[in-house]
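Student: Here you go, one structure.
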Amino acid sequence: EIIFVKAREILDSRGNPTIETEVVLESGAVGVAAVPSGKSTGKFEAVELRDGDKSRFNGKGVLNAVRNVNEVIAENIIGMEAQDQYLIDKTMIDLDGTPNKSKLGANAILSVSLAVARAQANELGISLYKYLGGLNANLLPVPQLNILNGGAHADSGLDIQEFLILPVNFTSFKEAIRAGAEIYRSLESILKKKGYSVGIGDEGGFAPKVKNTEEALSLIVEAITNANYIAGKDIFLGIDSASSGFFKDGYYNFEGAKLTSKEMIDFYENLLSKFPIISIEDGLAEEDWDGWIEFTKRLGDKIQIIGDDLYVTNIERFSKGVELKATNSILIKLNQIGTLSETLKVIQFARFNGFNAIVSHRSGETADAFISHLVVGMTTGQIKSGAPARMERVEKYNELIRIEEELGENARFAGINVFKKFLK
Ligand code: PGA
Ligand code: ZN
């Protein structure tokens, strides 16, 4: 039974305020959870409540969200059983009463939702991933490591936001992450040698002012080779275009040109012929449904096509995407929708429809590694948590190393299996 709920304002990895909530149960079990924050956010995400008071954090304070937890949500869920996650989440959704959680704030609601789950796992004395997934929770994910940053996350000048490496040909998560870290450092050496900056972006990847997408990918392939791995066998490549950021008035303003959806897809098809790319996220914009349908028709049997801003972890938008065959995969971000239960339903729906689901961090993060437990608990097989550097990114990977160790010989690494359908 929940006896105490308290929220506070803390800082995220960018130095912006965010919310952390503590939930205490009658038994003494405690759950604490902090929520992350995006920068290249989708237009249809649930509302992250910010104070707008310019005298504090330039308007980004979250004291109203904190107050909503301490003064509104607390009195409505105190006395409820922490095991009743769905009922607690529904209670908060009803209290809010808006379709996008704009009254109480998705940040306020999510901090409570996650803290409740943690408190209940602690009450049972089991790891969070086991609470979420039980005996089935034994699959360690392929990490999508963002080692070169562009778009809204860096001043590299690159239009594509994320250049990702996906270590697949390994027998454990630990070895996969080791390869990722070695390649990250190998990329640093190459950049230095070529006279590029080794400064980093919001997600810990390097942010060199390279010419374009092709040069960025070539540098990464070279880094993979120099680290003694084989690109296209041990390591695949992925990109997150976050293309809503360069879509305007029906055109993609990309690398100095004004492209139609079709020309954008042509660009990706050409990239696939030159680089071992297995995954493209938000290749098209959040409102370009017709473009997405064409994209998936043309390339959906060769690569993982992920909707992030397109779906915003929202079951209605996702159902539409499934029906239209707009993608073959979905990115999962808890704070895009605002409760654990709604997120679990979206993951289940993905599974029923044969879609890959990739659990993701945000560009503004905290030390909270909830997503590491979510990805193992729900056995989705892939996680995206930035570079293998900067503690708020690394902590998610380190938690997975700990989980793998706890599972011992029962642990399985997802590896190439999650991409099998694209490699016929
Ligand atoms: P964001 O970026 O957290 O800034 O929205 C992450 C992503 O687009 O995947
Ligand atoms: Zn994205």
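The values are calculated or read from the model by the stated rules, or taken from the named source; none is laboratory data. Just so you know, these numbers come straight off a predicted model, no measurement behind them. Here the Cβ is made from the backbone with ideal geometry for all residues, glycine too, and neighbour counts use every protein chain on show.
Student: For segment 33-69, what are the residues that are small (Gly, Ala, Ser), touching a Gly at 6+ places or on another chain (Cβ under 6 Å) and closer than 12 Å to Gly364 by Cβ? Outline the logic, then answer.
Tutor: Just the residues of segment 33-69 that are small (Gly, Ala, Ser), to begin with: 33-34, 37-38, 40, 42, 46, 52, 55, 59, 61, 65.
Of the ones still in play, those that are also touching a Gly at 6+ places or on another chain (Cβ under 6 Å) are 37, 40, 46, 52, 59, 65.
Selection gives Ser37, Ser40.
Student: Being over 27 Å from Asn253 (Cβ atoms), away from ligand 1 (no atom under 15 Å from the Cβ) and not charged (D, E, K, R) narrows it down to one of Val142, Val210, so name that one. Walk me through how you get there before you give the answer.
Tutor: Values: Val210 fails: over 27 Å from Asn253 (Cβ atoms).
Every option except Val142 fails the conditions.
Student: Restricting the search to segment 219-242, which residues are in contact with a Lys or Arg (Cβ under 9 Å, 6 or more places away or on another chain) and closer than 18 Å to Gly195 by Cα?
Tutor: Leu219, Ala223
Student: Being over 13 Å from Val5 (Cβ atoms), modelled with pLDDT of 95 or more and either within 16 Å of ligand 1 (Cβ to nearest atom) or under 26 Å from the mean Cα position of the chain (by Cα) (or both): is that true of Leu124 here?
Tutor: Numbers: over 13 Å from Val5 (Cβ atoms): yes; modelled with pLDDT of 95 or more: yes; either within 16 Å of ligand 1 (Cβ to nearest atom) or under 26 Å from the mean Cα position of the chain (by Cα) (or both): no.
When the stated conditions are applied, Leu124 does not pass them.
Student: Of the numbered conditions (1) within 16 Å of ligand 1 (Cβ to nearest atom); (2) β-branched (Val, Ile, Thr); (3) assigned to a loop (DSSP other than H, G, I, E, B), Ile165 satisfies every one except a single condition; which is it?
Tutor: So the condition that Ile165 fails would be (3).
Student: Kindly list, by first and then second residue, each pair from a residue in segment 390-419 that is in contact (Cβ under 8 Å) with a residue 12 or more places away in the chain and part of a loop (DSSP other than H, G, I, E, B) to a residue that is hydrophobic (A, V, I, L, M, F, W, C) and crowded, with 21+ Cβ neighbours inside 10 Å, limited to pairs with Cβ atoms under 7 Å and residues at least 6 apart or on different chains.
Tutor: Within 7 Å, the pairs are Ala411/Leu140; Ala414/Leu139; Ala414/Leu140; Ala414/Val142.
Student: Got at least one residue in segment 274-281 being exposed (fewer than 15 other Cβ atoms within 10 Å of the Cβ) and under 21 Å from Thr213 (Cα atoms)?
Tutor: Taking segment 274-281 first, the residues exposed (fewer than 15 other Cβ atoms within 10 Å of the Cβ) are 274.
This time we only want the ones that are under 21 Å from Thr213 (Cα atoms), so: 274.
The answer is yes, given that some residue of segment 274-281 is exposed (fewer than 15 other Cβ atoms within 10 Å of the Cβ) and under 21 Å from Thr213 (Cα atoms).
Residues checked against (1) buried (at least 23 other Cβ atoms within 10 Å of the Cβ); (2) away from ligand 2 (no atom under 16 Å from the Cβ):
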position: Ala29; (1), (2): no, yes
position: Pro36; (1), (2): yes, no
position: Ser40; (1), (2): no, no
position: Ala65; (1), (2): yes, yes
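Student: I'm trying to understand the selection: among the residues of segment 152-162, which are within 10 Å of ligand 1 (Cβ to nearest atom) and surrounded by 24 or more Cβ atoms within 10 Å (Cβ to Cβ)? Show your work before the answer.
Tutor: Of segment 152-162, the ones within 10 Å of ligand 1 (Cβ to nearest atom) are 152-153, 161-162.
Across segment 152-162, the qualifying residues are His153, Gln161, Glu162.
Student: Looking at segment 14-32 only, could you name the residues that are of a type in the set (S, T, N, Q) and without any contact (Cβ under 8 Å) to a residue 40 or more places away in the chain?
Tutor: At the first step, the residues of segment 14-32 found to be of a type in the set (S, T, N, Q) are 16, 18, 21, 27.
Within segment 14-32, none qualify.
Student: I've got another one for you. Out of everything in segment 237-255 that is more than 16 Å from ligand 1 (Cβ to nearest atom) and of a type in the set (D, E, K, R), what residue ends up being farthest from Lys209 (Cα to Cα)?
Tutor: Among those that are more than 16 Å from ligand 1 (Cβ to nearest atom) and of a type in the set (D, E, K, R), it is Asp249.
Student: Considering segment 1-55 alone, what residues qualify as being part of a loop (DSSP other than H, G, I, E, B) and in contact with a Pro (Cβ under 8 Å, 6 or more places away or on another chain)? Spell out how you get there, then give the answer.
Tutor: Here is the first cut: in segment 1-55, the ones part of a loop (DSSP other than H, G, I, E, B) are 1, 12-16, 26-29, 35-36, 38-55.
Residue satisfying the conditions is Asp12 alone.
Student: So which residues in segment 290-306 are away from ligand 1 (no atom under 11 Å from the Cβ) and under 20 Å from the mean Cα position of the chain (by Cα), if there are any at all? Even if it seems obvious, please write down each step before you answer.
Tutor: Residues of segment 290-306 that are away from ligand 1 (no atom under 11 Å from the Cβ), as a first pass: 290-305.
Within segment 290-306, Ile303, Gln304, Ile305 meet the criteria.
Student: Then there's this: Lys345: within 16 Å of ligand 1 (Cβ to nearest atom) and either touching a residue at least 12 places away in the same chain (Cβ under 8 Å) or out of contact with any helix residue (DSSP H, G or I) (no Cβ under 7 Å at 6 or more places or on another chain) (or both), yes or no? Write out each step before concluding.
Tutor: Details: within 16 Å of ligand 1 (Cβ to nearest atom): no; either touching a residue at least 12 places away in the same chain (Cβ under 8 Å) or out of contact with any helix residue (DSSP H, G or I) (no Cβ under 7 Å at 6 or more places or on another chain) (or both): yes.
So Lys345 fails the test.
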